[in-house]
Amino acid sequence: MTTLRVPSRRTLTLASSALLVVSIAGCATSTQQAAGPKDAVIVVSQDGKSDPGNNPKVNVPFYITGANFDASTTVKLRFYAGTDTKGKRLFDMDTQSTDKGTISALVNNGIPTGQYAVEAQAKGEKAEEQFQVATPRTPGMVKVTSDGSAPKAMLSPVIRNGKVYVSQSVNQGSIFEWAQADLPTTVAKESVTVKPTASWQPKMPDGVKIEQINFNNGGDQLLMGKKSVNANTTGGNSIFSYPYGGGEGKHLAGNIAPAGNGYYTWGPGAGPDTTPHNTAEGAFKYTSKAFPTKTPTQVSIGDGAGVVQDSNGWYYFSSLQSGCVYKMSPDSTWADYVYCIPSWGANNQNQSVYSLAEDAQGNVYAVYQGASNDNTIVLKIKPSGSQADDNVQAIQIDGWARSVGLAVNSDGTEIFVDGTSMKQYNTNNTNSILSVSDPKWGDVAKPTPTTPTSVTTIPGEPWLTGLAYDEATDIVYAADNTGGFYMNFR
């Protein structure tokens, strides 16, 4: 007796999977066999509930639903141009199956009109489906606030495991989190009220506020730059890590005593060794003597700012006062400066590096704020993975400054910063999101002059701060110092 199990795309619904058992001619008898393992199946639909059949037409956003995957596992969705998975691969998304092996993923990125195929794969399970995008997503902006208002002074957004975390840069501020599933999926002229799913206030001394946040490589620690509210505050001037949601923070780098403030180490309060005071030259005189160091927590970096853990385990962090980017070994027993900018520009505005970012190849990026006479500079740092020198390159974004936020896509082919045009430098806070495609990196001593590929200027009086880019949905998140955050649908 021979049997063939033939899975049918349409009979394998989300509710059940059927196996056809066909008797082959010539068999004298037929035997009942237990059904084998069910084949995974996916459906493309507008609402995430119905099954519109093969190759449906949908508008962005739409849903990929599925069944018969292994329970509680990561399912990778791969999208291709054309009618099958032999076409150009466009982007990937990860989703998590339930304990019953089902999936439901919202696709909300900027897919143009056309024919596509999607493949869902996890631990040997694989399913494919064709679909058509009839109407692409409308590009534009929406602002998210909370309960009709918004937490003030929002600074640094981070996206992880379906949630958006945003730090609040006020005295003893908090971290607010929103579920991405609760956030708007379309552009709106008015702000949209979405209550945070949770918030958490880390244990910090009075007079200290949060700057950039990032999760470590393991995802179990929240890295945090800390700024002193004034020069006599203890606890700022530093980089910390916290178990997210509670517990004591671990001091990673920076002298947290008031003496660790730049005012006392290279500013007017410093001794004659750093003359001239409060200049790039004075800060570098201090930094070049203090680094490298085997005691990162005892050396001044000035007010803490950006922080990220590179894929090789090394920490990279920056300062709002010194004009420097630093690196530190994974065990926190050795640190050095990577690069210190030679000029702080008019009114020392170009000394601050608020944000760092990382691509999937492990390159680290940093953005200098820029000044009225000195445009925004972005660094690309290729880590050496040791105490040896890193390779540093740079671009200069012509005509823009006041840059606080920085993000990058996975392959490093698109850089996002915010800023204000030089025409509005003296009248506006940071009000635009800039993207640079295929940046041409030059020598750090002579950054490549670069024109933004696209500019999105938000009307009114926004005050943009940190950025995060969700490549899966093609949305740039921009925190706002006046409260809440923006979602830029591209």
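The values are calculated or read from the model by the stated rules, or taken from the named source; none is laboratory data. These figures come from a predicted structure and were not determined experimentally. Virtual Cβ from ideal backbone geometry, glycine too; neighbours counted across all protein chains shown. Only protein heavy atoms, including side chains, enter the accessible area calculation; ligands, DNA and RNA are left aside. Shrake-Rupley method; radii C 1.70, N 1.55, O 1.52, S 1.80 Å.
Of the residues that sit in region 155-165 and are farther than 18 Å from residue 417 by Cβ and out of contact with any helix residue (DSSP H, G or I) (no Cβ under 8 Å at 6 or more places or on another chain), which one is least open to solvent (accessible area, probe 1.4 Å)? Taking the candidates together, the pick is 165.
For residue 184, the criteria (1) under 18 Å from residue 157 (Cβ atoms); (2) out of contact with any Pro (no Cβ under 8 Å at 6 or more places or on another chain); (3) open to solvent by 30 Å² or more (accessible area, probe 1.4 Å); (4) in contact (Cβ under 8 Å) with a residue 60 or more places away in the chain hold in every case but one, which is (3). Annotation note: of 83, 102, 98, the sole residue that is touching a residue at least 24 places away in the same chain (Cβ under 8 Å), open to solvent by 70 Å² or more (accessible area, probe 1.4 Å) and of a type outside the set (A, V, I, L, M) is 83.
For region 187-203, how many residues meet the condition of being within 30 Å of residue 230 (Cβ to Cβ) and either assigned to a strand (DSSP E or B) or open to solvent by less than 20 Å² (accessible area, probe 1.4 Å) (or both)?
So in region 187-203, the residues within 30 Å of residue 230 (Cβ to Cβ) come out as 196, 199-203.
Still in the list and also either assigned to a strand (DSSP E or B) or open to solvent by less than 20 Å² (accessible area, probe 1.4 Å) (or both): 199-200, 202.
Qualifying residue count, region 187-203: 3.
A single member of 142, 170, 158, 164 is at pLDDT 95 or above, part of a loop (DSSP other than H, G, I, E, B), more than 17 Å from residue 56 (Cβ to Cβ) and in contact with a strand residue (DSSP E or B) (Cβ under 8 Å, 6 or more places away or on another chain), and it is 170.
Residue by residue through region 395-425, note down the ones that are within 21 Å of residue 463 (Cβ to Cβ) and aliphatic (A, V, I, L, M). Steps first, please.
The initial filter retains those residues of region 395-425 that are within 21 Å of residue 463 (Cβ to Cβ), namely 397, 399-407, 416-425.
Selection gives 397, 401, 404, 406, 407, 417, 422.
In region 218-234, which residues are in a loop (DSSP other than H, G, I, E, B), of a type outside the set (A, V, I, L, M, F, W, C) and closer than 23 Å to residue 301 by Cα? Steps first, answer last, please.
Taking region 218-234 first, the residues in a loop (DSSP other than H, G, I, E, B) are 218-220, 229-234.
Now restrict to residues that are of a type outside the set (A, V, I, L, M, F, W, C): 218-220, 230, 232-234.
Those that are in a loop (DSSP other than H, G, I, E, B), of a type outside the set (A, V, I, L, M, F, W, C) and closer than 23 Å to residue 301 by Cα: 230, 232, 233, 234.
Summed over region 54-73, the residues that are open to solvent by 50 Å² or more (accessible area, probe 1.4 Å) and of a type outside the set (S, T, N, Q) give a count of 4.
The strands (runs of 3 or more DSSP E) found wholly in region 412-490 and carrying at least 1 residues that are more than 29 Å from residue 192 (Cα to Cα) and modelled with pLDDT of 95 or more occupy 432-437, 448-450.
Does at least one position in region 374-387 carry a residue that is touching a helix residue (DSSP H, G or I) at 6+ places or on another chain (Cβ under 8 Å) and free of Cβ contacts under 8 Å to residues at least 40 places away in the same chain? Yes: one or more hits.
For (1) of a type in the set (Phe, Trp, Tyr); (2) more than 26 Å from residue 204 (Cα to Cα); (3) assigned to a strand (DSSP E or B), each residue gets a yes or a no:
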position	(1), (2), (3)
255	no, no, no
259	no, no, no
277	no, yes, no
281	no, yes, no
302	no, no, no
326	yes, no, yes
339	yes, yes, yes
